[in-house]
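Colleague: Supplied in structure tokens, the structure appears directly below.
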Amino acid sequence: DAIECYSCSFAEKSSGCRFSYSIIRCQNLEYCFECKECENCFGCVGLQRKKFHIFNKPYSEEEYWKRVDDLKSAMLERSEYGEFFPLNFSPVYFLQSASAMYWLSGETEAKQLGASIYDPASADAIGEGKVDTSKARSSSEIPDAIDEIDDGWCGVPIRDEQLGRYFTFLKPEIALYKSLRIAPPNKHFIRRVAEMIQEANSAVFEEKICAKCGKKMIVSINRTFPEKTVYCNDCFNKYFEEVS
Ligand SMILES: [Zn+2]
């Protein structure tokens with residue numbers, strides 16, 4: 001429901017916007033992010049019900065158009081105007097993003113696209129500095145049976161050894177697992193979500209050969225089950241008739 005918007009992502013009920021991301025009920029924005037009900041703004045973030053703002057500062061209508069013209073001329077000279085925000089502006093860590101999960105993007109793609117690559121544990125990027133790790137336990141210590149989890153586990157930082165990130169159990173969470181007879185999770189929830197998504201087929205395809213007739217075909221890559229028996233449509237239908 002966006003009208004005459006160009007190169008925008010998540011533009012809702014907006015019109016005449018360009019190169020903007022996550023905007024609602026806006027008109028004539030350029031290079032704006034997370035704005036609501038704004039009109040004629042350039043390079044603004046998180047504004048609501050504003051007009052004639054540049055980099056979140058207000059200007060008269062006349063001054064606005066003059067400055068925007070200067071800014072766009074400078075951007076055009078540097079071949080920047082007309083491009084969406086560069087990827088290193090993204091608040092999402094590319095290597096753990098939907099692109100990595102669904103499109104199997106890795107460090108090669110991150111470098112090609114200009115995404116920032118850093119150690120998520122460095123410079124407190126994931127807030128690890130707030131975790132008192134002196135009492136931390138390892139995810140490998142978590143018992144398999146929920147009945148072996150007592151209150152002593154609640155609120156204690158638990159390090160997911162594979163991901164290198166901390167998580168904890170909450171009392172109501174443990175009570176729920178006990179009532180449903182569910183084993184306590186032994187992985188950080190980010191890894192659980194990523195592994196769940198990776199069980200589905202990815203958006204990247206590869207050539208495979210039908211295990212029955214040898215016909216070539218294109219199938220989706222699955223990282224959880226990389227080696228699977230694949231049949232072409234005809235062979236699968238025959239197989240299905242035989243077994244049913
Ligand atoms: Zn076949």
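Colleague: Within region 201-210, can you find the residues that are exposed (fewer than 14 other Cβ atoms within 10 Å of the Cβ) and hydrophobic (A, V, I, L, M, F, W, C)? Step through it out loud before you land on a result.
Modeller: Narrowing region 201-210 to residues exposed (fewer than 14 other Cβ atoms within 10 Å of the Cβ): 203-207, 209.
Answer for region 201-210, where residues must be exposed (fewer than 14 other Cβ atoms within 10 Å of the Cβ) and hydrophobic (A, V, I, L, M, F, W, C): Ala203, Val204, Phe205, Ile209.
Colleague: Moving on to the next point. Can you list residue pairs whose Cβ atoms sit under 8 Å apart, with the first residue in region 220-244 being outside any loop (DSSP other than H, G, I, E, B) and the second being aromatic (Phe, Trp, Tyr) and more than 8 Å from the ligand (Cβ to nearest atom)? Count only pairs 6 or more apart in sequence or on different chains.
Modeller: Cβ pairs passing all conditions: Ser220/Phe205.
Colleague: In region 193-209, which residue that is closer than 22 Å to Asn237 by Cβ and away from the ligand (no atom under 16 Å from the Cβ) is farthest from the chain's Cα centre (by Cα)? Before the answer, list the steps.
Modeller: Quick first cut of region 193-209, residues closer than 22 Å to Asn237 by Cβ only: 201, 205, 207-209.
Remaining after also requiring away from the ligand (no atom under 16 Å from the Cβ): 201, 205.
Numbers: Asn201: 17, Phe205: 21 Å.
The selected residue is Phe205.
Colleague: Inspect all residues belonging to region 77-96 and state whether any of them is among the aliphatic types (A, V, I, L, M) and more than 26 Å from Lys111 (Cβ to Cβ). Explain how you work it out, then say what you get.
Modeller: Start the filter on region 77-96 by keeping residues that are among the aliphatic types (A, V, I, L, M), which leaves 87, 92, 95.
Those still in the list that are more than 26 Å from Lys111 (Cβ to Cβ) too: none.
No, region 77-96 contains no residue that is among the aliphatic types (A, V, I, L, M) and more than 26 Å from Lys111 (Cβ to Cβ).
Colleague: Next up: Does Lys212 qualify as being more than 28 Å from Ser99 (Cα to Cα), over 18 Å from the mean Cα position of the chain (by Cα), outside the structural domain of Ala136 (by TED's automatic domain parsing) and within 16 Å of the ligand (Cβ to nearest atom)? Before you say what the answer is, go through the steps one by one.
Modeller: Values: more than 28 Å from Ser99 (Cα to Cα): yes; over 18 Å from the mean Cα position of the chain (by Cα): yes; outside the structural domain of Ala136 (by TED's automatic domain parsing): yes; within 16 Å of the ligand (Cβ to nearest atom): yes.
In short, yes.
Colleague: Has region 187-199 got any residue that is open to solvent by less than 50 Å² (accessible area, probe 1.4 Å), aliphatic (A, V, I, L, M), part of a helix (DSSP H, G or I) and touching a residue at least 12 places away in the same chain (Cβ under 8 Å)?
Modeller: Among the residues of region 187-199, at least one is open to solvent by less than 50 Å² (accessible area, probe 1.4 Å), aliphatic (A, V, I, L, M), part of a helix (DSSP H, G or I) and touching a residue at least 12 places away in the same chain (Cβ under 8 Å), which makes the answer yes.
Colleague: I would also like to ask the following. Hey, does region 45-60 have a residue that's hydroxyl-bearing (Ser, Thr, Tyr), over 29 Å from Ile117 (Cα atoms) and either at pLDDT below 95 or not in a loop (DSSP other than H, G, I, E, B) (or both)?
Modeller: Step one: of region 45-60, the residues hydroxyl-bearing (Ser, Thr, Tyr) are 59-60.
Those left that are additionally over 29 Å from Ile117 (Cα atoms): 59-60.
When the remaining residues are screened for being either at pLDDT below 95 or not in a loop (DSSP other than H, G, I, E, B) (or both), the result is none.
No - not one qualifying residue is present in region 45-60.
Colleague: Taking Ser134 as meeting all but one of (1) in contact with a strand residue (DSSP E or B) (Cβ under 9 Å, 6 or more places away or on another chain); (2) among the hydroxyl-bearing types (Ser, Thr, Tyr); (3) free of Cβ contacts under 8 Å to residues at least 12 places away in the same chain, write down the number of the exception.
Modeller: (1)
The values are calculated or read from the model by the stated rules, or taken from the named source; none is laboratory data. Small disclaimer: the values here were computed from a predicted structure and weren't measured. As a convention, Cβ positions derive from the backbone with ideal geometry for all residues, glycine included, and neighbour counts pool all protein chains shown. Side chains are part of the model used for accessible areas, which takes the heavy atoms of the whole protein and leaves out ligands, DNA and RNA. Shrake-Rupley method; radii C 1.70, N 1.55, O 1.52, S 1.80 Å.
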